[in-house]
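Beneath this line is the structure, given in structure tokens, with notes to follow.
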């Protein structure tokens, strides 16, 4: 059972989980090179840290109904 995942500072330029991760509650993706994130893989996420990336697209953000804490600071001047 994966409930927390940290992938900070990994130079990730994409994140493509295989399927839905219903038990994941905390996801840390700060300081990577992500340009797009699809939230539909994380329906029960409560905390998402995705600071210091290059996000221009945040797909299915409306699927994060249980999200309590979101941090999207410093997206390299890009607008979501």
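The values are calculated or read from the model by the stated rules, or taken from the named source; none is laboratory data. What you are looking at is a predicted structure, and each value in this text was computed from that prediction instead of being measured. Glycine also receives a Cβ, built like all others from the backbone with ideal geometry; neighbour counts cover every protein chain displayed.
Summary table
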{"quantity": "Sole exception among (1) loosely packed, with under 15 Cβ neighbours inside 10 Å; (2) at pLDDT below 95 for residue 40, by number", "calculated": "(2)"}
{"quantity": "Selection from the range 64-78 of residues that are within 12 Å of the chain's Cα centre (by Cα) and surrounded by 15 or more Cβ atoms within 10 Å (Cβ to Cβ)", "calculated": "64, 67, 72"}
{"quantity": "Only one of 52, 44, 32, 60 that is in contact with a strand residue (DSSP E or B) (Cβ under 8 Å, 6 or more places away or on another chain) and touching a residue at least 12 places away in the same chain (Cβ under 8 Å)", "calculated": "60"}
